[in-house]
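Please read the structure below before turning to the comments.
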Amino acid sequence: MKKRVVITGMGIYSCIGKNLDEVRESLYNGKSGIVFDPVRKEMGFRSALTAYLEKPDLKGVLSRNQRVYMPEQALYAYVATAEALKNAKIDQDYLDSHVVGLMYGNDSSADPVVKAVDTMRAKKDTTLVGSGAIFQSMNSTVTMNLSCIFKLRGINLTVSGACASGSHAIGLGALLISNGLQDMVVCGGAQEVNPFSIGSFDGISAFSVRESDPTRASRPFDRDRDGLVPGGGAATVIIEEYEHAVKRGAPILAEVLSYGFSSNGDHISTPNVAGPTASLEMAIRLAGINIDEIGYINAHATSTPVGDAQEAKAIYNVFGDRRIEVTSTKSQTGHEMWMAGASEVIYSMLMMKNDFIAANINFENPDEDSAKLLIPDKRIEKKFNTFLSNSFGFGGTNATLIVRNID
């Protein structure tokens with residue numbers, strides 16, 4: 001990084017907590033947010049497993065005119081961003097008087113599209129779809145809404161990079177700051193959790209069918225894993241240039257050391273080993289640190305048979321026999337998809353700031369690949385100062401972030 005990029009605020013709305021404090025407690029205690037949804041079974045889903053989230057009630061917080069343009073993931077993103085700005089000691093007066101950018105990961109907005117099409121087919125009148133439908137249905141809905149609500153005047157861009165969207169948003173935001181193009185960027189990722197958004201995933205048998213025991217269904221790296229569990233919500237990270245943060249007296253939490261990326265250039269849905277390995281190697285090279293300084297790896301591992309095995313091989317390719325704890329917080333949250341890269345930075349930050357590593361719950365039996373890694377199935381009390389976080393997505397898009405603590 002040409003200029004130092006630091007994290008000064010965080011906010012989250014997740015199936016394991018509606019704010020940072022709740023999420024920290026859930027991580028510490030190994031609480032799962034996965035449930036059985038009977039509505040999905042009635043709709044013909046092969047798997048009715050999902051992360052559970054309540055939609056935030058923003059009546060009295062935002063005007064009706066503002067809310068009408070917001071699908072569910074934008075509601076989650078608003079709550080996460082409001083917490084992150086408060087956490088970073090940024091008020092609306094500051095936003096009004098400074099140029100602040102916005103880069104957010106989001107790669108679908110299915111529910112508004114389905115509802116609009118249902119209305120058109122039933123009523124034969126497009127005017128009955130409603131004025132908010134177009135803004136709710138676009139992939140850029142989150143950044144459109146957040147930029148207008150918070151009156152942000154810097155870069156305004158949605159990053160659609162499949163399940164690496166949130167990581168790419170943070171990485172690209174860091175590059176803008178590093179090159180002097182922005183002083184501060186609001187970054188994050190958001191994911192809708194309605195059935196329409198993930199029905200096609202169910203159709204290709206991507207999900208676990210361990211319906212009799214929902215909290216044990218998501219089991220990254222375990223030999224008996226049988227598929228992922230869909231999750232969602234939103235996570236926001238405030239990043240800014242170090243001297244800028246010092247000047248305004250910001251709470252400096254950590255430094256984004258590097259952003260590695262690659263493309264598999266291979267199958268559209270089946271990951272390989274070379275692509276993730278390249279992303280890891282790039283991030284470590286650009287961080288300019290000794291590999292032994294990395295004290296924790298937050299794996300992408302989603303609990304799919306092939307994906308987890310390929311990532312385990314990639315991690316071993318890079319780290320070899322070094323005994324660095326590797327876990328996937330998706331064991332508790334399910335796969336938060338477009339949100340995951342951002343939320344997992346926050347999960348890792350909460351662990352780093354509180355000197356523990358959350359258990360990779362449901363990890364009972366390693367397979368040939370995961371047996372080579374140090375994957376704790378119980379919480380570890382450990383002080384560490386640097387972590388690496390992986391995010392990989394359909395189409396072979398890969399992102400790796402390395403973050404270092406600042407006390």
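Quick notes on this structure:
- Region 162-194, subset in contact with an Asp or Glu (Cβ under 6 Å, 6 or more places away or on another chain), of a type in the set (S, T, N, Q) and within 15 Å of G105 (Cβ to Cβ), residue surrounded by the most Cβ atoms within 10 Å (Cβ to Cβ): Q191
- Sole residue being under 24 Å from E255 (Cβ atoms) and touching a residue at least 60 places away in the same chain (Cβ under 8 Å), chosen from T333, T386: T386
- Scanning region 145-161 for residues that are within 20 Å of D107 (Cβ to Cβ) and surrounded by fewer than 20 Cβ atoms within 10 Å (Cβ to Cβ) gives I155, N156, L157, S160.
- With respect to the conditions (1) over 20 Å from A190 (Cα atoms); (2) touching a strand residue (DSSP E or B) at 6+ places or on another chain (Cβ under 9 Å), N87 falls short on a single one, namely (1).
- Selected residue [in contact with a Cys (Cβ under 8 Å, 6 or more places away or on another chain) and either assigned by TED's automatic domain parsing to the domain that holds S303 or not in a strand (DSSP E or B) (or both)] from A169, A164: A169
- When A301, A254 are checked against the criterion of being buried (at least 16 other Cβ atoms within 10 Å of the Cβ), touching a Pro at 6+ places or on another chain (Cβ under 6 Å) and in contact (Cβ under 8 Å) with a residue 12 or more places away in the chain, A301 stands alone in meeting it.
- Test: residue in region 106-123 that is under 21 Å from Q182 (Cβ atoms), outside any loop (DSSP other than H, G, I, E, B) and in contact with a Ser or Thr (Cβ under 6 Å, 6 or more places away or on another chain): no
- Selection of first residues in region 121-146 that are of a type in the set (G, A, S) and of second residues that are surrounded by fewer than 17 Cβ atoms within 10 Å (Cβ to Cβ) and outside any helix (DSSP H, G or I), restricted to Cβ pairs under 6 Å at least 6 apart or on distinct chains, gives the following pairs, ordered by first then second residue: G132/V68.
- Which numbered condition V35 misses (of (1) assigned to a helix (DSSP H, G or I); (2) touching a residue at least 24 places away in the same chain (Cβ under 8 Å); (3) surrounded by fewer than 20 Cβ atoms within 10 Å (Cβ to Cβ)): (1)
- Residue satisfying all of: in region 195-214; closer than 17 Å to A340 by Cβ and of a type outside the set (S, T, Y); surrounded by the most Cβ atoms within 10 Å (Cβ to Cβ) among these: F207
- Filter result (under 17 Å from the mean Cα position of the chain (by Cα) and surrounded by fewer than 22 Cβ atoms within 10 Å (Cβ to Cβ)) within region 377-395: F394
- Residue list for region 53-71, restricted to those being over 13 Å from C148 (Cβ atoms), more than 16 Å from the chain's Cα centre (by Cα) and touching a residue at least 60 places away in the same chain (Cβ under 8 Å): P71
- Output for region 97-107, where each listed residue is closer than 21 Å to M144 by Cβ and surrounded by fewer than 19 Cβ atoms within 10 Å (Cβ to Cβ): H98, V99
- A single entry from G173, G180 fulfils the requirement of being at negative phi and at pLDDT 95 or above: G173.
- From the list E22, E54, the one residue that fits, being assigned to a loop (DSSP other than H, G, I, E, B), at pLDDT 95 or above and out of contact with any helix residue (DSSP H, G or I) (no Cβ under 8 Å at 6 or more places or on another chain), is E54.
- Qualifying residue in region 313-322 (condition: surrounded by 23 or more Cβ atoms within 10 Å (Cβ to Cβ) and at pLDDT 95 or above): yes
- Region 215-248, residues that are of a type in the set (S, T, N, Q) and surrounded by 24 or more Cβ atoms within 10 Å (Cβ to Cβ): S218, T236
- Total residues in region 46-76, condition hydrophobic (A, V, I, L, M, F, W, C) and surrounded by fewer than 20 Cβ atoms within 10 Å (Cβ to Cβ): 4
- Complete set of residues in region 81-97 that are assigned to a helix (DSSP H, G or I) and either free of Cβ contacts under 8 Å to residues at least 60 places away in the same chain or over 19 Å from the mean Cα position of the chain (by Cα) (or both): K86, Q92, D93, Y94, L95, D96, S97
The values are calculated or read from the model by the stated rules, or taken from the named source; none is laboratory data. Only a predicted model underlies this, so the values are computations on that prediction, with no experimental measurement involved. Note that each Cβ is placed from the backbone with ideal geometry, even for glycine, and that neighbours are counted across all protein chains shown.
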